[in-house]
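The values are calculated or read from the model by the stated rules, or taken from the named source; none is laboratory data. It should be emphasised that the depicted structure is a prediction, and the values quoted were computed from it without experimental measurement. Positions of Cβ are generated from backbone atoms using ideal geometry, with glycine treated the same way; all protein chains shown enter the neighbour counts. Just the protein is used for accessible areas: all its heavy atoms, side chains included, with ligands, DNA and RNA removed. Shrake-Rupley method; radii C 1.70, N 1.55, O 1.52, S 1.80 Å.
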Amino acid sequence: METINLAQKFDTFSDYWSPKIAAELNDSHIKLVKLKGEFVWHHHDDEDELFLVVKGRLLIKLRDRDLWVNEGEFVVIPKGVEHLPVAQDEVHVVLIEPKTTLNTGNVQNERTVAAPEHI
């Protein structure tokens with residue numbers, strides 16, 4: 001058991017779209033990720049995802065509308081909902097999601113991180 005300083009943890013890596021596991025909570029991972037640019041349209045068949053923006057502003061495109069998530073805000077994307085995260089500038093995000101969640105969901109590509117690093 002230890003306290004986690006988010007700023008210090010975010011300082012330990014610089015790569016984008018590559019979530020890092022900062023902690024475990026029951027059957028979930030608490031992941032930290034830096035985002036910049038556009039990700040990939042995807043969905044998660046069985047997992048909800050919580051996006052908590054701690055630095056910057058994140059756009060999450062949905063098929064029927066756009067969601068802006070500002071610093072200090074979060075959104076839960078329900079399982080099965082197709083979404084596209086977009087970060088115009090660097091954004092720091094805390095993800096809380098089941099341990100089974102693959103970052104690219106139903107899509108396998110060069111951004112898929114099958115085994116996220118623990119930090």
Quick check on my filter: what residues within segment 1-17 are touching a residue at least 12 places away in the same chain (Cβ under 8 Å) and not hydroxyl-bearing (Ser, Thr, Tyr)? ILE4, LEU6, LYS9, PHE10, PHE13, ASP15, TRP17
With closer than 10 Å to HIS44 by Cα and in contact (Cβ under 8 Å) with a residue 12 or more places away in the chain as the only criterion, which of PRO85, PRO78, PRO98 stands out? PRO78
Only one of GLU49, GLU110, GLU73, GLU24 is open to solvent by 60 Å² or more (accessible area, probe 1.4 Å) and either more than 20 Å from ASN5 (Cα to Cα) or β-branched (Val, Ile, Thr) (or both); which? GLU110
LYS61 being over 23 Å from THR3 (Cα atoms) and surrounded by 15 or more Cβ atoms within 10 Å (Cβ to Cβ): yes
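Matching residues to (1) among the β-branched types (Val, Ile, Thr); (2) out of contact with any Asp or Glu (no Cβ under 6 Å at 6 or more places or on another chain); (3) in contact (Cβ under 8 Å) with a residue 40 or more places away in the chain:
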| site | (1), (2), (3) |
| --- | --- |
| PRO19 | no, yes, yes |
| VAL33 | yes, yes, yes |
| VAL40 | yes, yes, yes |
| VAL53 | yes, no, yes |
| LEU62 | no, yes, no |
| GLY72 | no, yes, no |
| HIS92 | no, yes, yes |
Need pairs with beta-carbon distance below 6 Å; first residue within 18 Å of ASP45 (Cα to Cα) and within segment 105-119, second modelled with pLDDT under 80 and among the polar types (S, T, N, Q); sequence gap 6+ or separate chains. THR112/THR104
Against the conditions (1) at pLDDT 95 or above; (2) more than 16 Å from THR104 (Cβ to Cβ), where does GLU2 fall short? Just the number, please. (1)
Give the residue, chosen from ILE21, ILE60, that is modelled with pLDDT of 95 or more, under 12 Å from the mean Cα position of the chain (by Cα) and over 16 Å from GLU117 (Cα atoms). ILE60
